[in-house]
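Quick notes on the structure that follows.
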Amino acid sequence: ELKVEQNPLFLSMQEGKNYTIYCNYSTTSDRLYWYRQDPGKSLESLFVLLSNGAVKQEGRLMASLDTKARLSTLHITAAVHDLSATYFCAAHYNNNDMRFGAGTRLTVKP
Amino acid sequence: GAVVSQHPSRVICKSGTSVKIECRSLDFQATTMFWYRQFPKQSLMLMATSNEGSKATYEQGVEKDKFLINHASLTLSTLTVTSAHPEDSSFYICSARGQGGEKLFFGSGTQLSVL
């Protein structure tokens, strides 16, 4: 069964702190996505990771992929309030199937 | 970047009526489009995958006669919720990908409320 498990589900951080969100997937995937969703809005694409060892960075966010461990991480550096949102990972499979994690609701407090 | 337009953004309808939601890729040809449903504070659930010119593939538990999907052109897919009931109230999101494309682009979503 295709499963994507994301943790933590809720994350409350102080501004300036670092933290990591984890995404495990159950079956070999050819692509791993990270998205951001603000309340009442659709999804904004953050990263697409295609190969083992891939690392991508944009601002205070950095995503990595370990295909052997079937694990992707989203690392937040020196969090700021604007990063408060819900973050989803999603694993894509060859048959066009795509499964989303449950989402991590991030709150960054001053 | 590529843009996917979804319309309407919000719709309120009476129970028993049908509602059509449109999803358009504005600057690329979307060979594959996906329709998702999202309940409040929950993740996205894939409802169906549609490829241009062919019948949609529905996920297990999704009634194809209730959620009609049409992908008649490379830039347009529609989802029609037939005979809507209050339990169909949800946030519906479409996404689209061009041939060979890595990225998936999402529409802005449609909040459906059935009274």
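Any read-out appearing in this document is the output of simple, stated calculations on the displayed coordinates, not a laboratory observation. Since this is a predicted model, take the numbers as computed values, not measurements. A quick note on method: Cβ atoms are made from the backbone with ideal geometry, for glycine too, and the neighbour counts reach across all protein chains shown.
Tabulated values for the structure
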{"item": "Amide hydrogen neighbours beyond the local backbone of A:Met13, cut-off 5 Å, H modeled", "result": "A:Thr107, A:Val108, A:Lys109"}
{"item": "Cα centre as origin, Lys/Arg/Asp/Glu Cβ charges: chain B dipole, Debye", "result": "160"}
{"item": "Shielding score for B:90-102, defined as the mean number of other chain Cβ atoms within 10 Å", "result": "2"}
{"item": "Region A:5-110: radius of gyration and largest Cα-Cα distance (Dmax), Å", "result": "13.2, 44"}
{"item": "Sequence-distant aspartates and glutamates (8 or more away, or on other chains) whose Cα lies within less than 16 Å of A:Lys17", "result": "A:Asp82"}
{"item": "Computed Kirkwood radius, in angstrom, where 1/r is averaged over Cα pairs of region A:15-58", "result": "12.8"}
{"item": "Which of A:Thr77, A:Leu32, A:Val55, positive extreme of dipole for chain A (C-beta unit charges)", "result": "A:Thr77"}
{"item": "The protein assembly as shown: projected area of the alpha-carbon convex hull, averaged over directions, in nm²", "result": "12.1"}
{"item": "Given B:Lys66/B:Lys103; A:Lys56/B:Lys55; A:Lys3/B:Lys41, the pairs whose alpha carbons are separated by over 26 Å", "result": "B:Lys66/B:Lys103; A:Lys56/B:Lys55"}
{"item": "Total charge dipole magnitude, the protein assembly as shown, about the Cα centre, Cβ charges on Lys, Arg, Asp, Glu only, Debye to nearest 20", "result": "260"}
{"item": "Inter-chain shielding of A:37-44 (mean C-beta neighbours from other protein chains, 10 Å cut-off)", "result": "6"}
{"item": "Volume of the Cα convex hull of region B:1-104, divided per residue and given in Å³", "result": "107"}
{"item": "Distance between modelled label sites at B:Lys103 and A:Glu1, nm, 7 Å Cα→Cβ extension", "result": "3.4"}
{"item": "In sequence order, calculated HN-Hα J values of region A:81-91 (Karplus, 6.51, -1.76, 1.60; Hz; x Gly/Pro)", "result": "4, 4, 7, 4, 4, 9, 10, 10, 9, 8, 9"}
{"item": "Aspartates and glutamates whose Cα lies under 20 Å from that of B:Lys64, excluding same-chain neighbours fewer than 8 positions away", "result": "A:Asp97, B:Glu22, B:Glu52, B:Glu87, B:Asp88"}
{"item": "Inter-chain shielding of B:11-22 (mean C-beta neighbours from other protein chains, 10 Å cut-off)", "result": "0"}
